[in-house]
Amino acid sequence: MTDTAQDFARPADSGERSHVRRGLFVATILVGSFLLFLVQPMVARMALPRLGGAPNVWNSAMLVYQALLLAGYAYAHLLGRLTVRRQAMVHVALLLLAGLTLPVGLVPLAPIPRLPEALWVPLLLGLSIGPVFFVVSAQAPLMQRWFAADPRAGEPWALYAASNLGSFAGLLAYPLLAEPLLTLRQQSVAWTAGFTLLVVLVALAAFNRRRLPTAAATMVQDEEAASSVGWRTVTLWLLLSAVPSGLMLSTTTHLTTDIFAMPLLWVIPLGLYLLSFVVAFSDRRGGVAVVSRATPVVVLFAGSYAMLSNGSGTLWIVGGTCLLLFCVATALHGRLYDVRPGSAQLTRFYLTMSAGGALGGAFTALVAPMVFDWAWEHPLLVLAAAALIPLRPLLDWRGDDGIEPGMARIALVVLLLFTLFLGWLLADFTADDDGSLGTIMLTVFLTGIGVMLMPWRWAFVATLVIAMVGQGGLATILASARGERTRSYFGIYTLRDHPEEKLRTLAHGTTLHGEQSLDPAHSRDALTYYGPTSGVGLALAATPAIEGPAARVGVVGLGTGSLACRAQAGQRWTFFEIDPAVLRFSTSGRFTFLSQCAPRAPVVIGDARLELAELPPASFDVLVIDAFSSDAIPMHLLTREAMQVYLRALAPRGLLMLHISNRYIDLAPVIGSNAQDAGLAALSRLDLPEDETRYTPSRWIALSRDRGVLETLARARPDSPWKVLDERAAGPWTDDHSSILSHVRWDKLAGHP
């Protein structure tokens, strides 16, 4: 047990250790919380082959977990009306019933026609994990209530910090230990064993409280009936819970969409969110006091980047955004702790907290994608945090030692006018890209003024708004006003014209999705990753020589439709696209590749892996896999099972092309191992075009059962050579086991070239 856990486990009176058994309750809470946050990424990983890796999939999963947590806390609150003995009987019985649904796995629920993904995904996850998650989520408030039922036990609030410590441990254990070392089946079996241990611990905790006098066991209920909490306090509980919860999810969306799409990024905001509870609910208040003091400064400085959407983020901005989340969550949760009720209202307090968390999650995961065209929920939640965090002015303008009220008002007006001037300068620096030093200095000045304006909360918030608008927010607002953005469940797309270069571009998050020349003479040119010397450009040019003049070509991932202009007379093309919003870009006239070059090519909407599995065998001679979500890793499209689907859809001499360009993950060893596992020959083409305005560096892998197919491909353009793919991973990825940790380009994450 760690030193922190030992602090939680230390009883109020060591002379009564044998009776109070605080360590038993801490262990039960730690195990339960560990299991909860271990199963969350496990189920999301199980769903990956069916749902893909878009950020909103994880947000939907978090929404399900928060809703189930709310239900579990409501159950714990209602159960608290019974005596501890009866609570134990009911809870242990429900644990045993929920155990009948183990081991953990996805239910066979097919997509429901006309039901949006934002609703179908939570339904799938809820049905799959609902029973065990519901009953395990209740154990933390129940154990605290059972602990507090003994008057000699002391206050139970520090046990909530222990709960979040267990959650944090479970969260880190999955990507660092469970996923790299265990298959999904082994993970499920191990989780079942942990669940069994939890049932034993809950039973032991109940046994420890078996001899409580009836008066002691029902004292909490009597006190609860006699006490009351006003609606204003309950509303404050909701707000102080909802804002950090929503901000945690919006931070994930904002970072992966507009700042820095790096692997495993979702772990960091959730981990910081959990750690904030550990600090805020600790018996030792020094930590939360220090963080709360620093939070207004962090909100002003790091919060100014909340409207940034240019995709030019660095690790420094990522660090600042994560620091902002941690400080805000700790300060608001610390304020929540300060307005907590007596232990008689414990389960009601936690129920309200859970409801607030669910509201914040629903706003970010359900409402925002349907209402906003960009991740506007993030700056809105930062502003909400600024309106709620404790403000302890360094200079009390309005106190007894302050300046005369009239002079204070004059100073306020002068500072606000100076703030507007600095905001205008900051916007000018940001628009002209005059260097980071100037923008940093202006942001520091704005932060200093905001600190001076802390006695007036409205002025503090106004300063933050001005800083946001100046720090790239103006460009974000104008992009939305011009209708450049489209938001769907699968991501945020930015359509932008560049008159000087005569180009129209489409970005998905931080990743260029495609571009088209606005010059009619070059409107059919396939640009970016699809140039004439790219792997796919070479392969499609050689297709008539390899497969004949009537080749059947399938493309997974429509994008802007660039590849359509690689089609040749007599060929039959089919596109697969999961997001209807992407199809609208090609059919509304914004991009004309499809209408000009392959107007009769069908576009199948749906998950390509599932759609390909439904086709007759040998449906294609060439199959191009070009599906990605920003820089998210399409793990479900690169597994052994996915490869089997592709090979089934290909003719015996078919050619499979995989696009593996990625800034932060080296996918070549994975493809090399999968090719070896499937008995495929493989060639690699890394294209570094000279014309970097029109074309983008790319890496494509060509695979075939027939080695002669690849030999013909390699001979077609000796001036653009291929190399044998000899890179290997430890083993092939499968739906049951895959991990990206060993393939991360850590030097790229650190910002090295």
Options Gly450, Gly483, Gly514, Gly473: the member that is open to solvent by less than 10 Å² (accessible area, probe 1.4 Å) and over 23 Å from Ala384 (Cα atoms) = Gly514
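Determine, yes or no, whether Leu97 is touching a residue at least 24 places away in the same chain (Cβ under 8 Å), farther than 30 Å from Ile578 by Cβ, open to solvent by 10 Å² or more (accessible area, probe 1.4 Å) and not acidic (Asp, Glu).
Working: touching a residue at least 24 places away in the same chain (Cβ under 8 Å): yes; farther than 30 Å from Ile578 by Cβ: yes; open to solvent by 10 Å² or more (accessible area, probe 1.4 Å): yes; not acidic (Asp, Glu): yes.
So Leu97 passes the test.
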By residue number, the members of the range 647-656 that are buried (at least 23 other Cβ atoms within 10 Å of the Cβ) and not small (Gly, Ala, Ser) are Leu650, Leu655, Leu656
Does Ile440 count as crowded, with 16+ Cβ neighbours inside 10 Å, over 26 Å from Pro369 (Cβ atoms) and free of Cβ contacts under 8 Å to residues at least 60 places away in the same chain?
-> no
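Of the residues Leu725, Leu686, Leu713, which is over 22 Å from the mean Cα position of the chain (by Cα), under 28 Å from Tyr646 (Cα atoms), modelled with pLDDT of 85 or more and open to solvent by 60 Å² or more (accessible area, probe 1.4 Å)?
Leu686
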Considering residues that are of a type in the set (Gly, Ala, Ser) and surrounded by 24 or more Cβ atoms within 10 Å (Cβ to Cβ), the number found within the range 521-536 is 3
Which residues, counting only those in the range 479-497, are modelled with pLDDT of 85 or more and either touching an Asp or Glu at 6+ places or on another chain (Cβ under 7 Å) or assigned to a strand (DSSP E or B) (or both)?
-> Ser480, Arg485, Thr486, Arg487, Tyr493, Thr494, Leu495, Arg496, Asp497
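Which ones in the range 362-388 are in a helix (DSSP H, G or I), among the hydrophobic types (A, V, I, L, M, F, W, C) and open to solvent by less than 20 Å² (accessible area, probe 1.4 Å)? Even if it seems obvious, please write down each step before you answer.
Taking the range 362-388 as the starting set, the residues that turn out to be in a helix (DSSP H, G or I) are 362-371, 377-388.
Still in the running and among the hydrophobic types (A, V, I, L, M, F, W, C): 362-363, 365-368, 370-371, 380-388.
Once the filter is applied, which keeps residues that are in a helix (DSSP H, G or I), among the hydrophobic types (A, V, I, L, M, F, W, C) and open to solvent by less than 20 Å² (accessible area, probe 1.4 Å), the range 362-388 yields Ala365, Ala368, Leu381, Val382, Ala385, Ala386.
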Could you pull out every one of the strands (runs of 3 or more DSSP E) wholly within the range 535-615 that has 3 or more residues that are β-branched (Val, Ile, Thr)?
-> 552-556, 603-605
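Let me confirm something: among Leu359, Leu346, Leu275, which residue is closer than 18 Å to Ala162 by Cβ, open to solvent by 40 Å² or more (accessible area, probe 1.4 Å) and either polar (S, T, N, Q) or assigned to a helix (DSSP H, G or I) (or both)?
Selected residue: Leu275, the only one of Leu359, Leu346, Leu275 that is closer than 18 Å to Ala162 by Cβ, open to solvent by 40 Å² or more (accessible area, probe 1.4 Å) and either polar (S, T, N, Q) or assigned to a helix (DSSP H, G or I) (or both).
With the structure loaded, tell me whether Val604 is buried (at least 24 other Cβ atoms within 10 Å of the Cβ) and of a type in the set (Val, Ile, Thr) or whether it fails that test.
no
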Considering only the range 112-141, state which residues are assigned to a loop (DSSP other than H, G, I, E, B), touching a residue at least 40 places away in the same chain (Cβ under 8 Å) and under 19 Å from Leu610 (Cα atoms).
-> Pro116
The condition of being open to solvent by less than 20 Å² (accessible area, probe 1.4 Å), modelled with pLDDT of 80 or more and over 17 Å from Leu275 (Cβ atoms) holds, among Ala178, Ala140, only for Ala178
Hand me the list of helices (runs of 4 or more DSSP H) wholly inside the range 644-753 holding 3 or more residues that are in contact with a Lys or Arg (Cβ under 8 Å, 6 or more places away or on another chain) and of a type in the set (S, T, N, Q).
-> 668-678
Which of the residues spanning the range 575-586 are open to solvent by 30 Å² or more (accessible area, probe 1.4 Å) and either over 23 Å from Thr696 (Cβ atoms) or not hydrophobic (A, V, I, L, M, F, W, C) (or both)?
-> Pro580, Arg584
Across (1) under 29 Å from the mean Cα position of the chain (by Cα); (2) over 30 Å from Ser588 (Cα atoms), Phe418 clears everything bar (1)
Given (1) at pLDDT below 90; (2) under 15 Å from Ser33 (Cβ atoms); (3) open to solvent by less than 20 Å² (accessible area, probe 1.4 Å); (4) not polar (S, T, N, Q), number of the condition Ala149 does not satisfy | (2)
State whether one or more residues within the range 587-597 are under 30 Å from His254 (Cβ atoms), at pLDDT below 90, open to solvent by less than 30 Å² (accessible area, probe 1.4 Å) and touching a helix residue (DSSP H, G or I) at 6+ places or on another chain (Cβ under 9 Å).
-> no
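The values are calculated or read from the model by the stated rules, or taken from the named source; none is laboratory data. Just so you know, these numbers come straight off a predicted model, no measurement behind them. Ideal geometry is used to build each Cβ from the backbone, glycine not excepted, and the neighbour counts take in all protein chains shown. Each accessible area value is taken on the protein alone, full model and side chains, heavy atoms only, with ligands, DNA and RNA left out. Shrake-Rupley method; radii C 1.70, N 1.55, O 1.52, S 1.80 Å.
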